[in-house]
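Everything on this sheet refers to the single structure shown next.
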There are 2 protein chains.
Amino acid sequence: MKLPEPKSPYGTRGRPDQSRAAILKAAVREFSKEGMAGARTDAIARAARVNKALLYYYFKDKESLYGAALDYAFGQLSEHMTEVLNRELPPGEKVLIYVANYFDFVASHPHFRNLIQMETMRAGQGSPHLQRVAKRYFMPLYTRLGGVIRQGVASGEFRPIDPMQFIPSMVALVVFYFISAPVMKTVTGFDPLSPERVAERKAAVLDFVSAALFQRLPKGEPK
Amino acid sequence: MKLPEPKSPYGTRGRPDQSRAAILKAAVREFSKEGMAGARTDAIARAARVNKALLYYYFKDKESLYGAALDYAFGQLSEHMTEVLNRELPPGEKVLIYVANYFDFVASHPHFRNLIQMETMRAGQGSPHLQRVAKRYFMPLYTRLGGVIRQGVASGEFRPIDPMQFIPSMVALVVFYFISAPVMKTVTGFDPLSPERVAERKAAVLDFVSAALFQRLPKGEPK
DNA sequence: TTATCATCTAACTAACCGGTTAATTAAGGC
DNA sequence: GCCTTAATTAACCGGTTAGTTAGATGATAA
């Protein structure tokens with residue numbers, strides 16, 4: 001008799017955590033599309049089907065909401081990639097599987113990808129979130145992946161490469177393709193985000209990385 | 001009989017073309033730092049040491065000024081890289097020299113680099129300048145460089161790579177390092193933009209590209 | 001029933017920001 | 001000298017936007 005009627009899902013008296021989550025999700029979308037400066041709090045509220053004042057009930061201000069969106073995106077990414085790093089594998093396989101998983105994550109999370117890139121650009125002007133995000137999410141991944149690479153170099157499986165050069169290169173190969181897809185579409189006429197093209201890209205990245213990573217004439221053809 | 005002489009187009013108060021140039025230069029700086037949405041016309045005017053209304057005397061609106069800044073940056077880049085493509089060289093050398101020159105240009109033009117990256121990101125939400133910029137500046141470079149690569153593949157000097165994969169990879173390796181420098185600085189503690197680090201990066205990029213580009217056991221060690 | 005508290009909103013405000021207007025200054029042509 | 005035109009500015013305007021306020025609403029427990 002007092003069943004919660006399935007009227008407007010959010011709005012008056014919805015599940016509070018659901019409202020908060022809706023706001024965060026909308027914030028990720030809006031910030032990833034327009035950037036911190038271009039995003040409009042009204043647009044976020046509208047997309048979350050919530051009054052704008054509710055944003056300020058759950059988050060201190062626009063900047064904090066942006067920070068929460070960052071933590072959300074980086075947290076997901078970090079969690080996923082940490083899991084990959086935890087697997088018991090020899091360095092060569094581990095790096096390639098890391099790259100493949102990273103590629104898949106970036107490919108399947110367009111909002112996260114854009115949000116992260118936006119923040120990367122904003123870091124140059126001193127974003128107040130840079131320190132936290134870098135230390136909490138990047139540092140651990142960077143350190144551990146760097147360790148794997150040094151291991152591979154030491155064992156002679158890898159060419160004598162510097163992790164501080166290799167890791168940004170690897171990230172660049174994965175991320176940049178998606179970031180520049182709209183431009184590429186205009187230049188080439190093809191849609192770089194079609195499943196076939198994305199699969200092609202993934203293969204090309206793994207080929208490119210393998211060529212740069214492994215010693216010439218590797219004993220085992222890497223997966 | 002008397003040829004239509006350009007009737008003293010400029011030259012009243014101050015140097016007018018100097019004012020216009022100052023505005024453009026300030027616009028490049030401001031837009032490259034804050035993006036189209038984040039940039040403030042007042043800040044541009046202040047930086048150009050000019051009244052804000054003068055922006056609107058020389059440019060239709062903020063969007064047009066942004067477009068002019070883009071044309072300025074892309075024009076410089078395009079001009080420089082076209083000159084490199086015009087040199088008479090075998091494919092292998094040409095590609096490596098292209099990469100090296102591109103790297104140097106990006107390294108020495110931080111504002112252009114950021115502005116271009118900003119526009120690349122904005123292209124996703126349909127920038128009104130994408131078509132023009134892509135057709136006028138990217139297309140010619142892309143087509144010609146693609147031709148050089150196909151030539152190298154056909155002659156057996158290069159591995160069987162697809163220009164549509166190789167070119168974005170090459171751009172990614174060059175650009176991404178600088179874009180993510182602030183983050184890297186926070187993560188590693190080193191300054192990735194110091195001359196020594198930049199030189200290291202250039203070597204690493206050329207090594208990385210060479211490894212991916214050339215057939216194994218190349219007859220001549222590429223420069 | 002009622003007091004309480006977390007959740008949520010309509011309506012408002014102060015500041016900001018892109019763009020305009022009308023006036024002013026310099027210089028050349030006549 | 002005066003008119004025209006290009007160059008430049010101070011002052012302003014109106015829409016937008018981040019952020020606030022004062023209160024409503026409903027669930028819960030006493």
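General remarks:
- Restricting attention to region A:96-110, the residues that are crowded, with 19+ Cβ neighbours inside 10 Å and in contact with a Phe, Trp or Tyr (Cβ under 8 Å, 6 or more places away or on another chain) total 1.
- Restricting B:Leu96, B:Leu70, B:Leu141 to those that are within 16 Å of DNA strand C (Cβ to nearest atom) and not β-branched (Val, Ile, Thr) reduces the list to B:Leu70.
- Qualifying helices (runs of 4 or more DSSP H) (wholly inside region A:111-212; at least 2 residues being more than 7 Å from chain B (Cβ to nearest Cβ), surrounded by 19 or more Cβ atoms within 10 Å (Cβ to Cβ) and touching a Phe, Trp or Tyr at 6+ places or on another chain (Cβ under 9 Å)): A:139-154, A:163-179
- Filtering A:Lys94, A:Lys52 for residues that are of a type in the set (D, E, K, R) and at pLDDT below 95 leaves a single hit, A:Lys52.
- Meets criteria (farther than 30 Å from A:Asp191 by Cα, touching a residue at least 12 places away in the same chain (Cβ under 8 Å) and away from DNA strand C (no atom under 15 Å from the Cβ)) for B:Arg20: yes
- Search result, residues across region A:45-58 that are within 23 Å of A:Gln76 (Cβ to Cβ) and near DNA strand D (Cβ under 8 Å from one of its atoms): A:Leu55
- Any hit, region A:27-41, residues being acidic (Asp, Glu) and away from chain B (no Cβ under 14 Å): no
- Between A:Glu221, A:Glu200, the distinction of being modelled with pLDDT of 95 or more and acidic (Asp, Glu) belongs to A:Glu200 only.
- Any chance A:Gln131 is out of contact with any helix residue (DSSP H, G or I) (no Cβ under 9 Å at 6 or more places or on another chain) and modelled with pLDDT under 95: no
- Filtered residues of region B:28-75 (kept if over 23 Å from the mean Cα position of the chain (by Cα) and in contact (Cβ under 8 Å) with a residue 40 or more places away in the chain): none
- Filtering B:Asp104, B:Asp71, B:Asp61 for residues that are modelled with pLDDT of 95 or more, more than 14 Å from chain A (Cβ to nearest Cβ) and within 16 Å of DNA strand D (Cβ to nearest atom) leaves a single hit, B:Asp61.
- Of residues in region A:53-67 being surrounded by fewer than 15 Cβ atoms within 10 Å (Cβ to Cβ) and assigned to a helix (DSSP H, G or I), the one farthest from DNA strand C (Cβ to nearest atom): A:Glu63
- Condition broken by B:Glu88, with the remaining ones in (1) away from DNA strand D (no atom under 16 Å from the Cβ); (2) assigned to a helix (DSSP H, G or I); (3) not basic (Lys, Arg) satisfied: (2)
The values are calculated or read from the model by the stated rules, or taken from the named source; none is laboratory data. Just so you know, these numbers come straight off a predicted model, no measurement behind them. With ideal geometry, Cβ positions are generated from the backbone for all residues, glycine too; neighbour counts draw on all protein chains shown.
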